[in-house]
Every structure is written in C-alpha cells, then in structure tokens.
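The values are calculated or read from the model by the stated rules, or taken from the named source; none is laboratory data. Predicted, not measured: the structure shown is a model, and the values here were computed from it. Virtual Cβ from ideal backbone geometry, glycine too; neighbours counted across all protein chains shown. Keep in mind that these areas ignore ligands, DNA and RNA; they rest on the heavy atoms of the full protein, side chains included. Shrake-Rupley method; radii C 1.70, N 1.55, O 1.52, S 1.80 Å.
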Amino acid sequence: MGTALVYHEDMMATRLLWDDSECKIECPERLAAALGSLRQCGLEQRCLHVTAREASEAELGLVHSPEYVALVRGTQTLGTEELQALSRQYDAVYFHPSTFHCGRLAVGAVLQLVDAVLTGAVHNGLALVRPPGHHSQRAAANGFCVFNNVAIAAEHAKRKHGLHRILIVDWDIHHGQGIQYIFEDDPSVLYFSWHRYEHGHFWPFLPESDADTVGQGQGRGFTVNLPWNQVGMGNADYLAAFLHVLLPLASEFDPELVLISAGFDSAIGDPEGQMQATPECFGHLTQLLQVLAGGRICAVLEGGYHLESLAQSVCMTVRALLGDPVPVLSGPMVPCHSALESIQNVRAAQAPHWKSLRQQDVAPVLSTSTHSTEGKPLSPLPGDPICKAEAEVASLSFLLDQQHLHPTPPVRMAITLTAADTTLALSPHVLRQEGSSPKWETEAWARPHESLAQDEALGKLLYLLNGILDGQVNSGMAATSAPAAAANLDVAIQRVLSLGAQRRILWLNIRGKEAATVSMFHVSMPLPETTGGFQSCIFGLVLPMAYGFQPDLVLVALGPDHGLQEPQAALLAAVLRGPAGGRVLALLEEKSAPELAQVLVRALYGEAPPSLGPFLAASLEDRQALMSLRAQLQSRWEMLRVAASESTEGRGDS
Ligand code: Q9C
Ligand code: ZN
C-alpha cells in the first residue's frame with residue numbers, strides 16, 4: 001500500500017500550433033516541470049507507478065454526448081487551419097491532432113487511479129494529466145479542457161464501485177463550472193470550488209460562480225462556491241476557507257472518496273490566479289483532506305502555469321499523500337477582510353442545508369466593502385493585496401529555493417518503550433527508542449520534582465524530546481506513570497523553553513485540571529460528546545488557534561479520564577501534525593489502553609484516521625461554548641474569525 005503516481009509521456013504531445021496569447025500557457029513543459037521536481041526531491045521514486053490507459057468511448061460517454069465525443073475524435077485528421085477554426089468555436093480552447101489521444105489518456109489515468117484506490121491497491125495518489133478537465137461540459141470544450149477527467153471519475157466511482165457519496169474539492173483558481181453543471185442536481189456528489197471571481201469580473205464571468213448558487217432540486221446544498229473577490233489571497237485565507245467552510249460540510253457529508261481537482265494556478269507566482277499561497281499550503285490542504293473518507297484521495301492535475309511554483313506545489317501535495325510531514329506555513333496567519341466576507345457569505349448561503357453550520361454565527365454580508373465600481377479596476381493602495389502580490393513575486397525564486405531548509409527528519413516517529421506498549425503492532429518504520437538522556441542531565445531536570453526522583457521514564461522522555469528538537473525525529477509518544485505525569489509534562493515544557501524565549505509550545509491538556517485563569521493563551525473548553533460537536537471544536541477552535549500560534553512543538557497530554565474515543569484521538573493527533581511541521585509529542589499514562597496508544601502512533605506516523613462515525617449535531621451548549629470562545633478570542637487569534645468585522649471594514653486589509 002502506498003501512493004500511486006499515474007502518468008504517461010504521450011500527454012506531453014498536445015500543444016498550441018498557432019499564436020494565441022491566452023492559450024499558450026497550457027504547455028507540455030508543465031508536466032515535465034512537475035515530474036522533474038518529483039524526481040529531484042526523491043518523491044517520484046517512493047510512489048507506485050501506475051501507467052495511464054486510454055479511456056473507452058463508453059467511459060467518455062458517462063459525462064459527454066456521443067456527438068461531442070465524435071467531434072473530438074474527428075480532430076485527429078484535421079489540418080492546422082481547420083483545428084484553429086474549430087478551436088475558435090469554444091472559449092479558450094486549442095485542438096491538436098493528438099488532443100483526442102491525450103484527452104483519452106487523461107481520463108484513463110484518473111480512472112486507473114480511482115480503481116487503484118477503491119480496490120485498496122494504494123491509499124491515495126496523484127494523476128499528472130493534460131489536457132485539464134474541470135471546465136469541460138457535456139457537449140463543449142472550454143478553458144483548455146476537452147474531457148472532464150474528474151467528473152467522469154466521479155461517475156465511474158458511482159457506477160462501477162457503487163459509491164454513494166463523493167467529495168470533489170476544486171482548489172484550481174478558476175471555477176470548474178463544467179463539474180458544477182454536471183452534478184448540480186446530484187446529491188451524491190458534493191462539489192466545492194473556490195475561485196478568483198472579483199464580483200463577476202474574472203473569467204469565466206458567470207453569475208452562477210457566486211456563493212448563492214448552491215445546486216438544484218435534490219442537489220441543493222451539494223454545490224459550494226467560494227468566490228474570491230480580490231487577488232492576493234494567501235495561506236491564511238485558504239486555510240480559513242478549509243477550516244470554516246469545507247471541512248465542516250465535508251465531515252457532515254462523510255464522503256467515501258475524495259477527488260481533488262488539483263489546479264496549482266491558485267499558488268503564488270501564477271499569472272492567472274495572482275494569489276499568494278505558498279507551495280507548503282497545498283501540503284497542508286492535502287493533510288486536512290486526509291481526515292475524510294479514510295484517506296482515500298485521488299488528486300488530479302488541472303491548471304498551474306508558473307512552472308516553478310507548480311512543480312513545488314505538486315511536490316508538497318505528494319509529500320502529504322506519502323504521509324511525510326509538511327513544512328510549516330509561513331506568513332502572518334490573518335485572513336484578509338475580503339476573504340472573511342466571502343467565507344461569511346458562503347456560510348450564510350449553505351446554512352439552510354447543513355446542520356454543522358446551523359445555530360452558529362451565520363449572516364450574509366449586507367454591503368460588500370470590496371465591491372469595485374462599474375467593473376473599473378481599483379488603483380492599488382499601499383498595503384493592498386495587489387501590491388503585496390507584485391512584491392512577493394519578485395522574491396519568488398528565492399522563496400521556492402528555501403525548500404531545502406526544511407529537511408525531513410530521518411525518523412518519522414519514535415516511541416519510548418514501556419511494559420504496557422510492548423503489545424503494540426507497530427509499523428517497522430516506527431522506532432522503538434531505548435536510549436535515555438545522560439544521567440547528569442536527567443537528574444538536573446528531575447531535581448525540582450519529588451515525584452521524579454526514581455522515575456526512569458524521564459530520561460527516555462528527554463532523549464526523545466531532544467531528538468525532536470534536533471530534527472532527528474519528527475514525532476513521538478512517551479509513556480509516564482500516573483504520579484509522575486504532571487512533573488514529566490512540566491519538565492518537557494521547561495526543556496523546550498530553555499532553548500530560548502522565542503520558542504513556542506502548543507500544549508493540549510485533554511481533561512486536565514480546569515485552568516485557574518483563562519486568558520488569550522490559556523483556553524478551556526468542555527470536550528463535546530457528539531461527532532458534530534467534536535468536529536467543530538477541532539476545525540473551529542483548536543486548529544485555527546494552533547495554526548495562528550505557529551508553534552515549534554505540539555505537546556498533547558492525555559490525562560487519566562481523557563474521555564476521548566479512539567477515532568477522536570486519531571483525528572486530533574492527525575490534524576495536530578499540521579501546525580508545527582509534524583513535531584508532535586504525545587504523553588500518555590502507562591496504564592492507558594493499548595488500543596489508544598495504537599491509534600495515536602498510527603495517526604502521528606501519518607496514517608489516515610478512521611471515520612468518526614455518523615454525524616450527530618452538536619448540543620446547544622457546545623455550540624454556545626464555541627461561539628462565546630470565538631467572540632472572546634478572535635481579536636488575538638484572527639484565524640478564529642468566520643465573518644468580516646464591521647470595525648475593520650474598508651478596502652482589503654490583508
Ligand atoms: N486572464 C484551467 O486552469 N483564460 N483553465 C482566462 C483570464 C482561460 C484556465 C483569461 C483560462 C482557462 C484548467
Ligand atoms: Zn485554472
């Protein structure tokens with residue numbers, strides 16, 4: 001089991017044969033750049049190679065009309081002039097004599113990937129394909145897209161594998177209107193798309209790309225549009241969209257399969273998107289999606305036109321698919337005003353259809369502050385995202401060269417050996433650490449604590465912690481005896497802080513003692529019992545604060561009556577790998593159930609957590625606790641915001 005990479009070099013054949021400034025960016029070098037980078041980073045060698053095949057015409061017919069398929073088949077024998085004339089019938093499309101072959105290979109590649117994931121041959125995978133697919137419609141090519149690769153894959157998963165719930169996440173910067181039209185009345189496919197919109201002034205200029213389009217008939221609530229009304233959206237904006245819109249709805253939907261329309265024109269440097277999200281962001285988005293569908297993810301290339309940015313973003317996506325830690329997100333974790341307006345609007349539009357949004361702070365923005373007048377472009381002001389975007393692109397190659405500064409630790413996970421966990425069935429890659437820190441060091445740290453005088457676990461804990469802090473080990477789990485638990489925790493915290501005051505630890509004490517004083521840095525929340533309550537606590541409170549804090553290490557202590565069920569513990573551990581680049585240390589009491597230790601090890605190692613089970617709406621008390629904490633804390637922790645604040649209203653303050 002592993003990660004599949006599906007590809008075929010023939011997909012480099014299709015290319016533009018005449019002058020067209022709009023279409024020239026969709027070039028064969030895109031695939032070469034992505035593949036070259038994967039090889040250079042040693043990632044390609046770690047994937048399972050699945051070769052693409054040509055899809056059959058029956059498979060194309062799952063979505064496209066026979067007349068349209070025949071028309072594209074006919075392009076194989078056309079001359080350049082005829083190809084150009086036919087291309088002009090569509091918006092932003094070019095045909096090449098190899099287009100039909102490439103298009104069938106692109107669809108076939110995605111079908112091979114879906115089959116590999118759904119038969120359990122692999123956990124997940126990526127299909128690197130051309131031409132892209134998400135703009136293509138039943139009887140029309142559009143926006144460089146000929147056949148709708150992802151839509152055909154979803155239909156195939158329903159028909160051939162009997163799936164009932166499929167999530168499509170379209171993180172390409174253009175609206176995949178083709179996918180939207182194909183599934184608009186279908187409640188078995190939840191389609192989420194964010195896209196550059198600028199109040200309708202960006203291609204493809206459709207009113208149905210706005211947040212108030214939610215699907216038709218039985219499919220109402222299964223189309224989710226998040227329009228970006230300004231350029232310059234970055235890591236904090238994308239993360240907020242996932243935490244406050246996509247993940248609550250997707251967890252409630254509980255998909256059996258996740259398809260990603262993985263366009264990387266939403267990344268920094270891209271000439272189409274003009275956004276600012278850095279390559280690591282796509283690793284984090286992928287990691288977050290791994291909590292759904294038991295990790296069954298098929299990522300499929302769509303757009304992405306800045307070759308270097310595309311290549312790095314593809315690498316980060318594959319790293320996450322492989323279960324590697326992803327480098328921490330850079331930049332201020334503050335979503336901009338315009339992004340919050342969009343998030344607020346889509347939450348308001350979707351609230352009637354989703355329990356996870358109901359009885360929460362959802363009301364639409366009444367007058368949008370970012371509305372451009374009569375479509376006239378606003379001249380940028382200093383500090384506006386548009387200015388920032390230009391400044392950032394200048395330093396882009398420098399930024400992209402920084403990747404080597406985040407080496408992956410040689411050991412992904414280590415656990416300290418104790419009597420209780422010897423029964424654990426561990427992956428051979430999890431290190432059972434037997435080492436201890438030197439006696440003098442252990443004694444020095446133990447001195448202030450009576451309970452640690454005879455405690456041999458402390459030496460092992462310190463050794464493990466030092467390994468994590470040195471970058472030798474990524475994550476770890478240590479056992480402690482009940483009487484020494486509090487002191488061990490204290491030593492761990494002091495040890496990290498001894499490295500310098502600028503070090504930050506996020507410490508989660510599950511069912512610990514109530515905080516004496518609750519503050520901006522000391523938050524206490526009752527542990528919700530329902531699946532819905534637990535999910536909104538994780539996505540709506542823990543993760544926004546954790547990502548906003550940008551810790552160097554996450555410390556999770558599970559007390560004796562931690563109250564977490566195993567799937568909940570797994571979900572928590574899995575998502576806590578995000579904020580500190582995978583550096584998580586779990587402290588567990590010796591007499592905890594081995595099953596709990598087992599799920600924590602698996603999740604910290606990077607395996608997808610199991611599903612939480614059927615969605616049960618949060619209790620009123622849990623909703624109120626979350627809303628009240630959000631209200632108290634969002635001035636300091638801006639990632640908690642789910643709406644634009646009126647006091648900061650004005651032009652895009654990002
Ligand atoms: N400057 C994909 O990314 N041109 N297609 C828009 C606005 C068409 C994008 C012009 C862009 C098509 C798959
Ligand atoms: Zn695109």
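Of everything in segment 132-158 that's open to solvent by 10 Å² or more (accessible area, probe 1.4 Å) and within 15 Å of ligand 2 (Cβ to nearest atom), which residue is nearest to residue 204 (Cα to Cα)?
Within segment 132-158, the match that is nearest to residue 204 (Cα to Cα) is 142.
Would you check which residues across segment 64-79 are touching a residue at least 60 places away in the same chain (Cβ under 8 Å), of a type outside the set (Val, Ile, Thr) and surrounded by 13 or more Cβ atoms within 10 Å (Cβ to Cβ) and list them?
Those that are touching a residue at least 60 places away in the same chain (Cβ under 8 Å), of a type outside the set (Val, Ile, Thr) and surrounded by 13 or more Cβ atoms within 10 Å (Cβ to Cβ): 64, 65, 68.
Residues of segment 33-63 being surrounded by 15 or more Cβ atoms within 10 Å (Cβ to Cβ), part of a helix (DSSP H, G or I) and small (Gly, Ala, Ser), which ones?
Hits for segment 33-63 are 33, 34, 37.
Considering 106, 116, which residue is in a helix (DSSP H, G or I) and within 14 Å of ligand 1 (Cβ to nearest atom)?
None of the others qualify; the one that does is 106.
Of all residues in segment 182-213, which are part of a loop (DSSP other than H, G, I, E, B), free of Cβ contacts under 8 Å to residues at least 12 places away in the same chain and more than 15 Å from ligand 2 (Cβ to nearest atom)?
none
Give 496, 523 a once-over and let me know the one that is over 19 Å from residue 414 (Cα atoms), surrounded by 13 or more Cβ atoms within 10 Å (Cβ to Cβ) and of a type in the set (Val, Ile, Thr).
523
Just checking, which of 179, 173 is open to solvent by less than 10 Å² (accessible area, probe 1.4 Å), within 14 Å of ligand 2 (Cβ to nearest atom), outside any loop (DSSP other than H, G, I, E, B) and at pLDDT 95 or above?
Step by step, each of 179, 173 is checked, and only 179 is open to solvent by less than 10 Å² (accessible area, probe 1.4 Å), within 14 Å of ligand 2 (Cβ to nearest atom), outside any loop (DSSP other than H, G, I, E, B) and at pLDDT 95 or above.
Go through segment 618-631 and give me each residue that's aliphatic (A, V, I, L, M) and within 26 Å of residue 596 (Cβ to Cβ).
618, 625, 626 - these are the residues of segment 618-631 that are aliphatic (A, V, I, L, M) and within 26 Å of residue 596 (Cβ to Cβ).
Being in a loop (DSSP other than H, G, I, E, B) and closer than 16 Å to residue 615 by Cα is the filter; apply it to segment 526-555 and report the residue that is most open to solvent (accessible area, probe 1.4 Å).
Taking the candidates together, the pick is 529.
Confirm whether residue 245 is of a type in the set (Val, Ile, Thr), within 15 Å of ligand 1 (Cβ to nearest atom), farther than 26 Å from residue 147 by Cα and touching a helix residue (DSSP H, G or I) at 6+ places or on another chain (Cβ under 7 Å).
no
Tell me, which helices (runs of 4 or more DSSP H) wholly within segment 557-643 include 1 or more residues that are within 21 Å of the chain's Cα centre (by Cα) and of a type in the set (A, V, I, L, M)?
Helices (runs of 4 or more DSSP H) meeting the threshold: 566-576, 594-605.
Please give the number of the condition residue 191 fails out of (1) under 23 Å from the mean Cα position of the chain (by Cα); (2) of a type in the set (Ser, Thr, Tyr); (3) more than 21 Å from residue 341 (Cα to Cα).
(3)
If you go through segment 430-483, how many residues are part of a helix (DSSP H, G or I), at pLDDT below 90 and open to solvent by 60 Å² or more (accessible area, probe 1.4 Å)?
Residues meeting the conditions: 1.
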